[in-house]
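Computed from the coordinates by the stated procedures, all read-outs in this text should not be read as laboratory data. The structure displayed is predicted, hence computed values, not measured ones. Please note: Cβ atoms are built from the backbone with ideal geometry, for glycine as well, and neighbour counts cover all protein chains shown.
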Amino acid sequence: MNKQFWIGFLALFVISSLIIFIFPSIPANIDFDELAFTHLAFSLEGNPYTPYSQLATGHSTLYFYVLLFLLKTFGTSIHVLRSARQFRASLLFWQCMLSSLASL
């Protein structure tokens, strides 16, 4: 593997570690959008697949299905809500890294 890949991997590891340990405490209380996302995720439960919801305000519901899975698996908590965001951000970072490596 080349040097650029390992620098990106190390950056992702450091950022992910910081987010896992610090992110749940900033802000200390739940934010309105986190509450709305939780409400949307639970509204999808038990319904057939819904590619779009009026509650999603233009977002794809795939994220909310993943969030619902995490909430059902690990319970409803601020840490689970924010971990889902961190997971989504990590996937986006890796997509950018891999696309930049492919262009080299």
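For P(r) over Cα pairs in 5 Å bins from 0, in percent, the choices are [x] 2, 9, 11, 13, 11, 9, 9, 8, 10, 12, 6, 1; [y] 2, 11, 20, 18, 17, 13, 11, 7, 2, 0; [z] 2, 12, 23, 28, 18, 11, 5, 1, 0; which was calculated from the structure?
Among [x] 2, 9, 11, 13, 11, 9, 9, 8, 10, 12, 6, 1; [y] 2, 11, 20, 18, 17, 13, 11, 7, 2, 0; [z] 2, 12, 23, 28, 18, 11, 5, 1, 0, the one calculated here is [y].
If each residue of separation counts as 0.36 nm, what is the full-extension length gain between W6 and N29 once their alpha-carbon separation is subtracted?
On the way: separation 23, 0.36 × 23 = 8.28 nm, distance 3.56 nm.
Answer, rounded to one decimal: 4.7 nm.
So how strong a dipole does the chain carry about its Cα centre when Lys and Arg Cβ are +1 and Asp and Glu Cβ are -1, to the nearest 20 debye? Kindly include the intermediate steps, with their values, before the conclusion.
Details: 5 positive and 4 negative charges, 61 e Å.
The dipole magnitude comes to about 300 debye.
I need the calculated FRET efficiency for the pair T73 and H39, taking r as the beta carbon distance and R₀ as 22 Å, to the nearest 0.05.
Numbers: r = 18 Å, r/R0 = 0.84.
The calculated FRET efficiency here is 0.75.
Would you compute, from DSSP H runs of 4+ residues alone, the mean residue ellipticity of the chain at 222 nm, taking -39500 (n - 2.57) per run and dividing by the full residue count, rounded to the nearest 500?
Details: 4 runs with 71 residues, N = 104.
After summing the helix terms and dividing by the residues of the chain, the value is -23000 deg cm²/dmol.
Tell me the angle of helix 3-22 to the major Cα principal axis of the chain, expressed in degrees between 0 and 90 and rounded to the nearest ten.
40 degrees
So, by mean Cβ neighbours within 10 angstrom, what's the order for 44-55, 80-91 with the highest one leading? Could the numbers behind the result be given before it?
Working: 44-55: 10.4, 80-91: 16.5.
Highest mean packing first, the order is 80-91, 44-55.
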